[in-house]
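Notes follow once the structure below has been shown.
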Amino acid sequence: QVQLVESGGGLVQAGGSLRLSCAASGRTFSGYAMAWFRQAPGKEREFVATISRSGSSTSYANSVKGRFTISRDNARNTVYLQMSSLKPEDTAVYYCAATGNIGLSTRGRDYNYWGQGTQVTVSS
């Protein structure tokens with residue numbers, strides 16, 4: 001059982017940077033693989049990035065690889081998504097997700113816990 005609370009969304013110009021945070025409750029945070037997904041209006045939810053329980057392994061969608069970095073601080077029960085070189089097509093609601101069963105999954109259905117989402121808007 002884990003509760004996720006996201007923050008850090010906002011409005012940024014194309015080419016700019018933004019860091020999202022996801023704070024998790026409980027003392028078992030290190031037992032969960034974490035991920036970020038996003039959903040733009042009228043589009044399906046898509047995978048963005050995931051990180052293993054220890055933080056030693058990561059995986060990214062091709063669309064964000066080289067621009068986004070996922071990281072975690074298990075001592076603070078927090079996962080981050082550092083976004084750089086932002087593009088208008090990155091505009092979406094970003095969701096934090098957790099799973100205790102599947103590692104480095106890119107499928108949303110494999111994640112059992114979700115945050116409320118935070119809006120990221122990239123202006124042109």
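The values are calculated or read from the model by the stated rules, or taken from the named source; none is laboratory data. Just so it is clear, the model here is predicted, and its values are computed rather than measured. Every residue, glycine among them, receives a Cβ derived from its backbone with ideal geometry; neighbour counts consider all protein chains shown. These area figures cover heavy atoms from the full protein model, side chains too; ligands, DNA and RNA do not enter into them. Shrake-Rupley method; radii C 1.70, N 1.55, O 1.52, S 1.80 Å.
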query: If you go through region 53-68 one residue at a time, do you hit one that is open to solvent by 30 Å² or more (accessible area, probe 1.4 Å), within 19 Å of Q116 (Cα to Cα), in a strand (DSSP E or B) and of a type outside the set (A, V, I, L, M, F, W, C)?
result: no
Failed item in (1) of a type outside the set (D, E, K, R); (2) out of contact with any strand residue (DSSP E or B) (no Cβ under 8 Å at 6 or more places or on another chain); (3) open to solvent by less than 60 Å² (accessible area, probe 1.4 Å), with A75 passing the rest: (3)
message: Between a residue in region 1-13 that is over 14 Å from Y94 (Cα atoms) and open to solvent by 40 Å² or more (accessible area, probe 1.4 Å) and any residue that is among the small types (G, A, S) and not in a loop (DSSP other than H, G, I, E, B), which pairs come within a Cβ distance under 7 Å, given they are 6 or more apart or on different chains?
response: Q3/A24; Q13/S123
statement: Within region 69-106, residues assigned to a strand (DSSP E or B), at pLDDT 95 or above and of a type in the set (V, I, T) come out as T69, I70, T78, V79, V93
Hits in region 81-102 (condition: open to solvent by less than 30 Å² (accessible area, probe 1.4 Å) and closer than 18 Å to G10 by Cβ): L81, M83, L86, D90, A92, Y94, C96
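Would it be correct to say that L104 is hydrophobic (A, V, I, L, M, F, W, C) and over 12 Å from the mean Cα position of the chain (by Cα)?
On the way: hydrophobic (A, V, I, L, M, F, W, C): yes; over 12 Å from the mean Cα position of the chain (by Cα): yes.
For L104, the condition - hydrophobic (A, V, I, L, M, F, W, C) and over 12 Å from the mean Cα position of the chain (by Cα) - is met.
Among the residues of region 14-42, what is the count of those that are open to solvent by 10 Å² or more (accessible area, probe 1.4 Å), assigned to a strand (DSSP E or B) and farther than 18 Å from S54 by Cβ? Reasoning before the result, please.
At the first step, the residues of region 14-42 found to be open to solvent by 10 Å² or more (accessible area, probe 1.4 Å) are 14-19, 21, 23-28, 30-32, 38-42.
Then keep just the ones that are assigned to a strand (DSSP E or B); that gives 18-19, 21, 23-24, 38-39.
Then drop every residue that is not farther than 18 Å from S54 by Cβ, which leaves 18-19, 21, 23, 38-39.
Result for region 14-42: 6.
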task: Give the residues of region 107-117 that are surrounded by fewer than 22 Cβ atoms within 10 Å (Cβ to Cβ) and either part of a strand (DSSP E or B) or of a type outside the set (G, A, S) (or both), sorted by residue number.
output: R107, R109, D110, N112, Y113, W114, Q116
field: Residues being in contact with a Lys or Arg (Cβ under 7 Å, 6 or more places away or on another chain) and closer than 18 Å to V5 by Cα - total across region 39-71
entry: 3
